[in-house]
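See structure below.
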Amino acid sequence: MFSNMDKATDPEVYVEDVYQYSPWTGNGTSQTVTITGLEMDTWGGASFLRSTRGSPTSTAPIVADTHRGSGYYTRLDDTSIDVNDANSISISTDNLGFGNAAIVNTLNATYGSFNFREAPRFFRVATWTGTNGSRTILHGLACAVGAILVVNNTTIANKVMWHRGLTGGRYINFNGSGSQTTTNAALYFGNNTSTVDPDEVEFTVGSNLNLLGDSYTAYCFAHDTSSSGLIYCDSVSVNGSGVGTISIGWQPQMLMEKCRDGGRYVNFLDDVEGFGARDDDRSLTMSDSANDANTDFGFPTGNGVYFKGSPSTTHIYIAVRKGPTRLPSAGTDFFYPTYGLGTGTTKTITSTFKPETVMSYLVDDNGTAVAGNPGFMIHKTSGVTYQTKTVLINSITTYSDEVTQWNKTNIKLGASANGLSNYLNAYYSVNLFGYAKGAYDASPFMGTGNPQTLYHNLGVKPEFAIIQMTNDTGTTLMFAAASSSGNYLDKGFAFNDDDAGSGSGISSVTDTSLVFNNASYWDSNSFNANGVPYILHTFASLSGLSKVGTYAATGSVAVGVTTGFSPRFIMAKSSQATHWYYVDSARGLSGSSDLPVNISRAYIAPAVDCVSTTGSGFTVASYSGSNPNPFNAGGTMYYVALA
């Protein structure tokens, strides 16, 4: 059905077009799981899948692809050949289809699939029939090759992988926990006499991967070092403390890792399945049938991965870029405000995008913030117990029943015994934020105690940033830096206090990074403490969708602000000693119905009318008697608005 070179005219692709992780729960009969946008039946592709760590039933890892067709799959944890089971798996344009085969659809078992669509400079599936001797195979990647996994579909044999991070012509047996080896290497990836590395057009297999009449499938992963690359393959050295640094130039959403020195299986991770979550780092072991134990692999950063592995070893990896890499077309692509009653049991909040950050505050039945409310802001890499309060100075508290799961398009809230997000019959303002190129990004980093460069994935210069500590033993929660000069983030505020601001310590800003010099403000407030994890939230103006800016406020005169769109979310603070506030469309953004939430402290009663939206911005009402308008508090107002 497919050939290796029939897609040379593929259109420009984005990571959301070619990669997707899909979880599901087995029903024991039949079901479909959506992979909307990949169009694998049109372009070709493969799915690597198995049961997840929390599944009550463990099932073996398998790979299926469009070339072999419906019902065919191969186990990756042993030397077995193709299985043809019509009740197993089929891959269509927008769905994975599952029958009642236990390996993919056991009742109440939980599964995950890493889905790769074929595209140049990303991933290809190559097939051939053995002819004896050595031969070359076209791969169609049109760039450097990062890794090749070869499966013999006909004869019992090891699944073998070539990877550019292995040394001296070595390969690994994918099905197992062994180390890299040179045993008969030229008979696998070579000309039977010497090993031959792949080039940008083809790879060479020896007679052990070319047995006469046998059917072979190769899964070929690209290594794209360009600034717009979507996939990167390399090795990382892990020190005696079990820590290594992966530097790519962007933040990954998916990581395959394997210790090339042995003693560790091949692990696949995705941020939907907990990649980076310290208390819930769920990998899917792809070379062993047992479900993986909870293992800390580190976390993705704005520039790669803060990696944790076997001490004093080297690991190979495949990384896939975070997405979406398209510019958003609407505010609903990355921001979703909600307001409603807590249930006291599991509650799902569904958006149209992959949530990265949640901001939640307790409000009353009119949507008004409750005095002293300990709201929180949490990024997915904080896991499901490190819920970061934003209200208390010098305190970070951990909970286990607020955000209990992060999924492709939703989050799940727990019983909320602490009352932060879902307490029975309490009202909440819960806002979901997703990655949006040009508008919003959240990138973790590890503090060093020394000046360092922080990386982001906005693709443009940030105009507003929040530094959020996520360590449960830390002292200071958040910090916001806003640009007053238009050149860089030179104004710093304590996000969790009524701070008048000072220097930010940030010396330069680029499309990919911030550089700060550990000015006294940072030092004294522990914004870069050695060994402490943080989240860098960055915002920028994107025409029609987001706006970061300032306006002059006197308190006595109404102010009109032009954003270029009608906002659904406005967060603002005065340059004077006032708190941060936000309003949103879920609770009302039209004159007397708008209800500001004090992000950082006990609630202060708003004016009767604070903010009214217009078709191209918003109007801030004047001061109203004894009730000050926090959006017109005097001085310079710094704001972020989202469509």
Express the relative contact order of the range 151-225 as a whole percentage, based on alpha carbon pairs under 8 Å and six or more residues apart in sequence. 27 percent
If amide H atoms are built 1.01 Å from N in the plane of the peptide, which residues on other chains or at least 5 residues away come under 5 Å of the amide H of Gly298? Lys308
With each run of n ≥ 4 DSSP H residues scored as -39500 (n - 2.57), what mean residue ellipticity at 222 nm is computed for the chain after dividing by its residue count and rounding to the nearest 500 deg cm²/dmol? -500 deg cm²/dmol
Quick check: from the Cα gyration tensor, does the range 71-118 come out rounded (a/c under 1.5), prolate or oblate? rounded
Going through Lys322/Lys547; Lys408/Lys491; Lys412/Lys461 one by one, the pairs whose alpha carbons sit over 31 Å apart turn out to be Lys408/Lys491; Lys412/Lys461
May I ask you to order 92-104, 243-255, 630-642 by the average number of other C-beta atoms within 10 Å around their residues, highest value first? 630-642, 243-255, 92-104
Among [x] 43, 26, 25; [y] 44, 32, 28; [z] 48, 25, 22, find the value of semi-axes √(5λ) of the Cα gyration tensor in Å that was calculated from the structure presented, and write down its label. [z]
Exposed-loop-free span, longest in the chain, where GluC sites (Glu not before Pro) count as exposed if DSSP calls them loop and at most 15 other C-beta atoms lie within 10 Å: 201-643
Let me check something: with ligands and nucleic acids excluded, how do Arg164, Arg135 order by accessible area (1.4 Å probe), largest to smallest? Arg164, Arg135
Quote the relative contact order of the chain in percent (integer), defining contacts as alpha-carbon pairs under 8 Å separated by 6+ residues. 10 percent
Quickly rank 580-589, 418-427 as a protection proxy: mean count of other C-beta atoms within 10 Å, highest first. 580-589, 418-427
The farthest towards the positive end of the charge dipole of the chain, of the residues Trp406, Leu536, Ala157, given +1 on Cβ of Lys and Arg and -1 on Cβ of Asp and Glu, is Leu536
Burial order of peptide ranges 224-231, 339-346 (average beta-carbon count within 10 Å, highest first): 224-231, 339-346
Expressed as a whole-number percentage, the relative contact order of the range 93-213 with C-alpha contacts under 8 angstrom and at least six residues apart is 26 percent
Label points 7 Å out from Cα along the Cβ direction at Asp364 and Val515: separation in nm? 5.1 nm
Virtual paramagnetic centre 7 Å along Cα→Cβ of Ser237, amide N under 11 Å, in the range 312-353: 313-314
Using 1/(1 + (r/R0)^6) with R0 = 30 angstrom and r between the beta carbons of Ala330 and Ser226, what's the FRET efficiency to the nearest 0.05? 0.60
Skipping prolines and chain starts, which residues have an amide H placed within reach, meaning under 5 Å, of the one on Thr404, given they are 5 or more residues away or on another chain? Lys412, Leu413, Gly414
If amide H atoms are modeled at 1.01 Å from N in the peptide plane, then the residues at a separation of 5 or more from Gly419, or on another chain, having amide H under 5 Å from its own are none
Full extension from Thr57 to Ser92: what is 0.36 nm times the residue separation minus their Cα-Cα distance, to one decimal in nm? 10.0 nm
Amide N proximity, the range 96-118 versus Asp85 label position 7 Å along Cα-to-Cβ, cut-off under 13 Å: 98-107
Could you report the accessible area of Trp128 in Å², rounded to 10, computed with a 1.4 Å probe on the protein chains as they sit in the structure? 20 Å²
Need one number: nm distance between label points at Ser590 and Ser566, each 7 Å from Cα along Cα→Cβ, rounded to one decimal. 0.8 nm
Once all protein chains are kept in place, Ser543 shows an accessible area at probe 1.4 Å, nearest 10 Å², of 110 Å²
How would the range 54-184 be classified by its alpha-carbon gyration tensor: rounded, prolate or oblate, with rounded meaning a/c under 1.5 and the a/b versus b/c comparison settling the rest? prolate
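The values are calculated or read from the model by the stated rules, or taken from the named source; none is laboratory data. This structure is a prediction, so every number in the text was calculated from the model and none was measured. Positions of Cβ are backbone-derived with ideal geometry, glycine not excepted, and every protein chain shown enters the neighbour counts. Side chains included, ligands, DNA and RNA excluded: accessible areas come from the protein's heavy atoms. Shrake-Rupley method; radii C 1.70, N 1.55, O 1.52, S 1.80 Å.
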